Amino acid sequence: MANAIQDKSKAFAIRIIRCYKFLTEQKQERVMSKQLLRCGTSIGANTRESKNAQSRMDFLNKLNIALKEADETEYWLDLLHETNYLDDDQYASIDGDCAELIKLLTSIIKKLKESDEKK
């Protein structure tokens with residue numbers, strides 16, 4: 001499952017970069033889009049970093065950070081949509097991917113915590 005989250009978060013980061021380029025070049029929006037770029041690409045960076053975690057706790061911590069970044073990404077997407085920088089179709093597509101990442105990260109974290117509790 002760890003490879004799935006890494007693959008999906010990298011693909012999502014690429015979408016975020018393309019969205020950032022669209023927002024800055026086509027919509028001339030630079031403040032919210034910069035925040036979106038930062039947190040949207042950080043999800044993949046943290047899941048990637050989890051591969052080399054020093055311990056199970058460090059691994060879990062990296063995934064929790066990725067989850068927080070995904071949640072923040074969802075916030076910026078909501079704002080960009082509600083201020084009409086992203087239309088309904090653009091928003092639904094990328095927000096759906098973000099929601100999928102949140103569900104996947106939540107599931108992985110929950111399973112790891114349950115496994116730790118059984119020990």
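Each of F22, N46, S33 was scored by the projection of its Cα onto the charge dipole of region 12-119, and the greatest displacement toward the positive side belongs to N46; charges sit on the C-beta of Lys, Arg, Asp and Glu.
Using C-alpha pairs under 8 Å with a sequence gap of at least 6, the mean separation divided by the residue count of region 63-119 gives a relative contact order of 47 percent. Computed on protein heavy atoms with a 1.4 Å probe, the accessible areas place R18, R56, R30 in the order R18, R30, R56, largest first. Relative to the Cα centre, the charge distribution of region 15-63, modelled as +1 at Lys and Arg Cβ and -1 at Asp and Glu Cβ, gives a dipole magnitude of about 100 debye. Taking a Cβ cut-off of under 12 Å around E82, the surrounding Lys, Arg, Asp and Glu residues balance to a net charge of -4, with basic ones at +1 and acidic ones at -1. Given a 1.4 Å probe and the protein chains as shown, Y75 ends up with an accessible area of around 120 Å². Given Cβ point charges of +1 (Lys, Arg) and -1 (Asp, Glu) and nothing else, what value in debye, to the nearest 20, does the dipole of region 76-119 about its Cα centre take? It works out to roughly 640 debye.
Measuring nothing but protein heavy atoms, the accessible surface of region 1-104 at 1.4 Å probe radius is 49 percent carbon and sulfur. Computed with a 1.4 Å probe over protein heavy atoms only, the accessible surface of the chain comes to 60 Å² per residue.
Summing Lys and Arg as +1 and Asp and Glu as -1 over all other residues whose Cβ lies under 15 Å from the Cβ of A4 gives a net charge of +3. Relative contact order of the chain: 27 percent, from C-alpha pairs under 8 Å at least 6 residues apart in sequence.
Figure note: E72, E29, E82, E49 ranked by solvent-accessible area, largest first, 1.4 Å probe, ligands and nucleic acids not counted: E82, E49, E72, E29. Across region 101-109, computed HN-Hα scalar couplings (Karplus, 6.51 cos²θ - 1.76 cosθ + 1.60, θ = phi - 60°) run 4, 4, 4, 5, 4, 4, 5, 4, 4 Hz from first to last residue, x flagging Gly and Pro.
Summing Cβ point charges (Lys, Arg +1; Asp, Glu -1) relative to the Cα centre of the chain gives a dipole of roughly 700 debye.
The values are calculated or read from the model by the stated rules, or taken from the named source; none is laboratory data. These numbers come from a predicted model, not from an experiment. Using ideal geometry, Cβ is built from the backbone for each residue, glycine included, and neighbour counts are taken over all protein chains shown. We work out accessible area using only protein heavy atoms, side chains counted, and drop any ligands, DNA or RNA first. Shrake-Rupley method; radii C 1.70, N 1.55, O 1.52, S 1.80 Å.
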